[in-house]
Each structure stands twice: as structure tokens, then as C-alpha cells.
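J.: The structure is given below, and queries will be raised subsequently.
Values quoted throughout were computed directly from the atomic coordinates according to the rules given, and no laboratory measurement underlies them. Keep in mind that what you see is a predicted model, and the values were worked out from it rather than measured. Don't worry about glycine lacking a Cβ; one is built from the backbone with ideal geometry, like all the others, and counts go over all protein chains shown.
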Amino acid sequence: MIETHLSLLLVVIPLLAAPVTAILPNGRLPWLLTLLVSWLCFALAIWQFMMVMDGSVISYELGGWAPPWGIEYRIDTVNAFVALIVAGMAAITLPYAMLSVEKEIPRDKLSLFYATFLLCIDGLLGITLTGDIFNLFVFLEISSLSTYTLISMGQKRRALTAAYQYLIMGTIGATFLLIGIGLIYAETGTLNMMDLSARLPAVFGHRTVHTAFAFIVVGVGLKLAMFPLHLWLPNAYTYAPSAVTVFLAATATKVAIYVMLRLVFTVFTIEFVYVTPTDSMFMLLGVLGVIVASVYAIYQQDAKRVLAYSSVAQVGYILMGMGFASAMGLTASVIHMFNHALMKGALFMAVGAMVYRIGSSQISQLKGLGRQMPWTFAALVIAGLSLIGVPGTAGFISKWYLVLAAIEQQAWFIAIVILGGSLMAVIYIWKLVETLFFQTATEDISIKEAPLSLLVPTWILVIANIYFGINTELTVNAAEAAVNILENVRQ
Amino acid sequence: MEYLHGHYNYWIVILLMMVGFYTVISRGNLIKKIAGLNIFQTSVFFLYISIGNVTGGTTPIVADGFEQYSNPLPHVLILTAIVVGVATTALGLALVVRIKEAYGTIEEEEIHNQDESL
């Protein structure tokens, strides 16, 4: 019974829990319900992932309408993997959120905050599970609208302008996607992704299809912060409440990248990529993103902002993997999606723990803090090493596959950019480490170590960073299975 | 000529799209930006409804003597998109109210001056 409706339950449970959370009295209760829902979703996501790990596909027909007429939820290894990332990060962020959110959000807004959080989780899970392209747009808007709200709940007033800016850019992106979907619907008369993938090759030469593709790539590109379209991201991540930043940095851009992978490689297929300059475009934007965003990250004066720009750079690596348009490149992209969620989650959690204690993430105020909060500081260092790509950490595995993909195509320049990007990551992580540990605090005040409920989730992610750097079985197998599906989708 | 007036609805779509998009980019007033965004979204609604039209087709209601119907699916899709658009507008305007409370202005330039950003 549960097994047949598994995929739908992942979407329905958070959706139903959200209004319940909203009417609960403010206090710990809304948090507790959200926590339970997120853990339940995580368990379901693991179960679902186990079912499709061997390459089988779950097809769920909503309301019993057979696809392509009805809406189909189609779960294969790719989206089960992304759903696992989303549910997993939600499950790990919520224990962290309890104290962090109580400190940053006014008490009378707590139940509404958690209701919005649930809607955000719901939207992101929905995007990953659906096999219907219009349904995808609707879920994208559910997650986006709740994200704007979550960001605007930051303490500083600049959170409001950051949310507004994101709302304008995000809506333009979503509307572009809508235009693209309308145009391919006009060409093919279908909205089911599998059906589209079968029908589109017949009309590849039409200009409408090319226009639709351009609209879709730009629209989704805005959502995933593809290099010149990333302008909303640094402010949004900097001014959002810490727990929100952790969750968004680890999942929102990843889900958007999944949408890009799915639409480009499954719906439009790799043949379309070969007849258009899509792969070179991804490569160019990826390279520019890594270089420019890393340089920006070095010069930021706010720890959260450093990490936000670093996120733009990491998206650049993932785009590079897509730009190779090879099995190895895509494998690197999918692996880095997972690993980046782990490392950025841990880094933002560590910075969030410092914000919890001193109320600011300005680098000038963090002087000497590492000695007073040794555990938080150690977590930041290890996650930072993972971001750089030091062997023994998860980050190394993604960089390794990316460099292998570059060598495979003898793209030496790209390999140099990947290594150069890592060196720039050394600089901005060192800048944080130097301030935190080697500079002495201007005032001699004693600051306590972060509370356990913040430290434990941070360290779980840090240990995951090390674990997945040594035991790569899960990530690499899942990524390779995912790439098989993305590339040979038309059976 | 046929190309021009035969596709007049699509010309209107393009015109509205550009007007809306340009307003979003060029105006500094936060309310005007939202208005531009609305016009931009409305143009897409027109696009979908134009796609659903079948030459010689009637309203999609089953009745004797009518064989050819317009495609109702784009209309249904666009109903959903309209709901999304309304939600976005409401949220956007709510943010503008909060920005006005926090900054005392809704002009982008003055907000940037206050924050000393840019």
C-alpha cells in the first residue's frame, strides 16, 4: 500500500503538514512537527532510492489517468538521488534550525515560518519527482514563492530587498520557462517528459523548438545561478536566516541543476545538444563562473557572502561537467551536486553557529573566534578543505572526476581552470581561517562554544564529507546509473 | 500583409512581453516593477490561449452538429499560471509594504543610497 503510493506521499505529506503547522501555537510544537515530517520524508526518500537503485523505474499515474494524458510521476535513479539529497538535507537542517531560528525569527512568526519551510521542501521534492513538464513549473513556483518568504524573514532590513530582488529575477526566470514550455507544447502537443523526448526529434529543425530551448535554458539558468544570471544569489544567501541559508545553499540550486540536466539531456536529448552550441555555452559560462565568482569571493567582507560567491563558482564546476557532454563529465556533475550539498551545508552551518553566538557574520567581527569556538572552527576547516578538494574529502572526488573528464577530451585549459579554481578556494578559505584563528579579538570577551543542537548536525555533515571522500561507492554508482538514464533515455 | 494581420495576436504578445520586460528592467519604483512583471506574465497567458485556438473550432463543449473544438488544455494550464501570477504579485506587493516600513521609500536608488550598496 505505502510502496505503491510512495512517490506521491513524499509530496502530499509536507503539503498537508504545512497548513497544520501554520495553525499550531507558536513555540516548539511547529518545529517538532516539521522535524518529524522531514525525517519521515527522508525515510521515504531512502526507501524510494533503494527501489530504483538497480535501474528500474517507478511510474505513478495521478488519479489513474494513464500517461501521456494524465500527470505522471516518474522516478528513476536520477531524480530519486536528487530527492534523497533534498530530503536528507531537510532532515539534517531541522535539528539545527530549532535554536538558530528561535534566535533569529520573532516568536510570533515561528509557526508561519515552519509552514513556509515545509512548503519549500514540498516544492523542491515535487520538482524532482514529477514527469510532467508543466507540473514541474508549478512546483518550481511553490518552492520559489516560499523561498522568497523565507529569505525576507532575515533579521536585517536588507533581507527584504534581497527577497524582492530574487522575486523579480526568479519570476522572470519562471516566466521564461513557461514560455519555453508553451512553445514546445505548441510543437508537439504533449507535456509528458518521456513523450516529449520521443516526439521532439521529429521537429528538431524547427525554429520554434530552438526558441523554446533558449527560453528554457535562460529561465532555468536564472534559478540555478548560472554565471551572469547569479546576481540574486549573494544577497539572498547573506541576509536570509542562517538555517534557511543552509537549506537553500544545499538544495535549491541543486534542484535547479537537476531540472537543467533533465530538460536538456532527457527532454531535448543529447543529439539536440550536439546540433546546437549548448555544450560550448555551458563550458564557457562554467569557466567564467568559476573564475569571476572565485575572485569576488576573495574580496568579500562577510563570511556568508564569501560562501555565497563560492556557491556560484561551484555551480560553474557543475556546468563545466555538463559542457563536456560526455558520460564522465555528467558523472562529475551529478557527484558534485551531492558533494557540494554536503560541504556547503556544513560550511553555512558552521558560520551560522558563529552568527548564533555573536550575531554577525562580518569577517572583521570574527577575529579570534576560532579559539573560543574550537569545534565550530574545526568543522569549518574540514568542510573548507572539502570545498578546496583535498584528497580524503568528498570535494576531491568531484574534482577528480571533473579533471578526468577534461583529460579524456584533452581539454588542458579546462583542467587548469579547475585546478586554478581550487587554488582560489584555498585563498578565501584561508582568509576565514586566518581571521578566526590567527588574529586576536579586539575586545577580550569570552564567547561560549555553540550549543550541541547546532554542533551535532554540523559534525554529521562534516563526517559525511570525510566518509564520502573515502567510500565513494554510493555517490559514484548512483551518479553513473543516473548518467546512463540521462543519456539513453529513449528506449 | 497576411503574415502581419494573420498573426496579430502573436504581435500583441510580443509587444506586451517587451513592454512588461522593459518596465521591470528600467523602472526604479518597486511598484512599477511589479506592474511590469504582471504585464510580462499576462503576455504569456495570451500566448498560451493563442496556441489553443483551432481554426474553425468552436468552444470545447460537446454538442450536436459540432465536430471541431478548440484545444481546452492551454486554458486549463493558464488558469494555474494565473493563480501563480496572483500569488507572486501579492507576495511582491507585501514585500514592498515591508520595504516601505523599513526604509521609508520605494525608490530603488534611495534604498541603495541608504544601504550604501552599489
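J.: Membrane-span-like helices in chain B: DSSP H runs reaching 18 Å or more (Cα, own axis), mean Kyte hydropathy at least -1.0?
T.: Length and hydropathy pass: B:8-26, B:30-52, B:73-103.
J.: Relative contact order (percent) for chain A, with alpha-carbon contacts under 8 angstrom and 6 or more residues of separation?
T.: The normalised contact order for chain A reaches 15 percent.
J.: How much of the DSSP beta bridge set in the protein assembly as shown is antiparallel, as a percent to the nearest 5? Mind dumping the intermediate values first?
T.: Details: 8 of 9 bridges.
In the protein assembly as shown, approximately 90 percent of DSSP beta bridges are antiparallel ones.
J.: While we're here: What does the C-alpha gyration tensor say about the overall shape of chain B? Classify as rounded when a/c is under 1.5, otherwise prolate if a/b is larger than b/c, or oblate.
T.: On the way: a/c = 5.93, a/b = 2.28, b/c = 2.60.
Oblate is the answer for chain B, as a/c is 1.5 or above yet b/c matches or exceeds a/b.
J.: Another question, then. About the Cα centre of the range A:277-491, how large is the charge dipole given +1 on each Lys and Arg Cβ and -1 on each Asp and Glu Cβ? Please answer in debye to the nearest 20.
T.: Using Cβ point charges on Lys, Arg, Asp and Glu, the range A:277-491 gives about 380 debye.
J.: Find the eigenvalues of the gyration tensor of the Cα atoms of the range A:34-77, then list the square roots of 5 times those eigenvalues as equivalent ellipsoid semi-axes, largest first, in whole angstrom.
T.: Semi-axes (√(5λ), whole Å): 23, 16, 6.
J.: For chain A, find the longest principal axis of its Cα atoms and tell me its angle to the long axis of helix A:327-358, 0 to 90°, nearest 10.
T.: Relative to chain A, helix A:327-358 is tipped by roughly 30 degrees.
J.: Sum -39500 (n - 2.57) across every DSSP H segment of at least 4 residues in chain A, then divide by the residue count to get the 222 nm mean residue ellipticity, nearest 500. Walk me through the numbers before you get to the answer.
T.: Values: 20 runs with 366 residues, N = 491.
Helices in chain A give a 222 nm mean residue ellipticity of -25500 deg cm²/dmol.
J.: Any chance you could give the angle, 0 to 90 degrees and rounded to 10, that helix A:473-487 forms with the longest Cα principal axis of chain A?
T.: With rounding to tens, the tilt is 30 degrees.
J.: So if I take the centroid of the Cα atoms in the range A:368-384 and the same for the range A:385-415, what is the distance between those two points in Å?
T.: 26 Å
J.: Helix A:452-470: angle to the longest alpha-carbon principal axis of chain A, degrees 0 to 90, nearest 10?
T.: Between the helix axis and the principal axis of chain A, the angle is about 50 degrees.
J.: Show that you can apply the helix-only estimate: for chain B, add -39,500 (n - 2.57) for every DSSP H stretch of four or more residues, divide by all residues, and state [θ] at 222 nm to the nearest 500.
T.: Result for chain B: -24500 deg cm²/dmol, rounded to the nearest 500.
J.: List the pairs from A:K223/B:K33; A:K156/A:K254; A:K344/A:K431; A:K254/B:K32 whose alpha-carbon separation is above 25 Å, in the order I gave them.
T.: A:K156/A:K254; A:K254/B:K32
J.: Right, next: Give me the net charge of A:W69's neighbourhood, meaning all other residues with Cβ under 10 Å from the Cβ of A:W69; Lys, Arg count +1, Asp, Glu -1. Present the calculation step by step, with values, prior to reporting the outcome.
T.: Values: positive: none; negative: A:E61, A:E72, A:D195.
Combined, the nearby Lys, Arg, Asp and Glu give -3.
J.: Moving on to the next point. About the Cα centre of chain A, what is the dipole size in debye to 20, counting +1 per Lys and Arg Cβ and -1 per Asp and Glu Cβ, all else neutral?
T.: 1300 debye
J.: Once you have the Kirkwood Rh of the protein assembly as shown from its Cα pairs, apply Stokes-Einstein at 37 °C and 0.692 mPa s and quote D in µm²/s.
T.: Working: Rh = 24.7 Å.
Translational D for this selection: 133 µm²/s.
J.: Could you tally the net charge around A:A250, taking each other residue with its Cβ under 15 Å from the Cβ of A:A250, Lys/Arg +1 and Asp/Glu -1? Before the final figure, lay out each step's value.
T.: Details: positive: A:K254, A:K304, A:K344; negative: none.
Local net charge: +3.
J.: I've got another one for you. As I understand it, the dipole of chain A uses +1 on the Cβ of Lys and Arg and -1 on the Cβ of Asp and Glu, about the Cα centre. Which of A:I179, A:A214, A:Y166 lies farthest toward its positive end?
T.: Of the options given, the answer is A:Y166.
J.: What number comes out for the charge environment of A:P234, summing +1 per Lys or Arg and -1 per Asp or Glu over other residues with Cβ under 15 Å away?
T.: Result for the local shell: +3.
J.: Would the range A:277-491 count as rounded, prolate or oblate if I go by the C-alpha gyration tensor, calling it rounded below 1.5 in a/c and otherwise prolate when a/b exceeds b/c, oblate otherwise?
T.: Because a/c hits 1.5 or more and a/b exceeds b/c, the range A:277-491 counts as prolate.
J.: Remind me, relative contact order of the range A:277-491 in percent, using alpha carbon pairs under 8 angstrom and six or more residues apart?
T.: 28 percent
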